[in-house]
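Each reported figure results from applying straightforward, stated rules to the coordinates on display, with no laboratory input. All values reported here derive from a predicted model rather than from experimental measurement. Note: ideal-geometry Cβ built from the backbone for every residue, glycine included; neighbour counts use all protein chains shown.
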Amino acid sequence: MSFEQSIRLFQIVNKHFKNEEDSRVLVSEIESFVEQRIENKSVILSTKEDVTLLKDEIVKLEKQGREDISRLEIKLESGFKDHLKWTIILMLGFVPILVAVIKFL
C-alpha cells in the first residue's frame, strides 16, 4: 500500500473508532494483509521472461521427443527386419523337414 492510501485508510477508520491507537492497529493489520495477498499473487503471476523461458523449454522438449521417436522408429524397423529374416530362414529350414515327413508317410 502507498503512504497516501495508508493515511486515507487511517482517517476513515479513525472516524468510526474515535481512538487513534485502535485505528493504527487496524490500519497496520490491513496493510500487512494486503501486502501478504500481493506477495502470494506475485508467486502465481508470471513475467514475459518466464513465459519465454517456458516456451524455450517446451521447444527443447518437443525436439528431444521427436529425436526419441525417430530413434524408436529405427529400432522398431530394425527389429521387424530381423524378425522377418529369422521367420524366412526357419520356414526354409522346415520345408525340407516337412517334405521328408510327407515322403515317409
| query | What residue among Val34, Ile88, Phe104 has its Cα farthest toward the positive end of the dipole of the chain, where the charges are +1 on Lys, Arg and -1 on Asp, Glu, each on the Cβ? | reply | Phe104
| Distant alpha-carbon pairs in the chain (separation over 18 angstrom), percent | 76
| said: Nearest 10 degrees is fine. How inclined is helix 3-17 to the longest principal axis of the chain, computing both from alpha carbons? | reply: 60
| message | Show me, for the range 68-83, the HN-Hα J-couplings you get by feeding each phi into the Karplus relation (A = 6.51, B = -1.76, C = 1.60, θ = phi - 60°), rounded to Hz, glycine and proline as x. | response | 4, 5, 4, 5, 5, 4, 5, 5, 5, 5, 5, x, 5, 4, 4, 5
| said: 7 Å from Cα along Cα→Cβ at both Ile58 and Glu73: what's the point-to-point distance in nm? | reply: 2.3
| query | Under the rule of -39500 (n - 2.57) per DSSP H run of 4 or more residues, summed and divided by the residues of the chain, what mean residue ellipticity at 222 nm is obtained, to the nearest 500 deg cm²/dmol? | reply | -33500 deg cm²/dmol
| To the nearest 10 degrees, how steep is helix 20-44 against the longest Cα principal axis of the chain, on a 0 to 90 scale? | 20
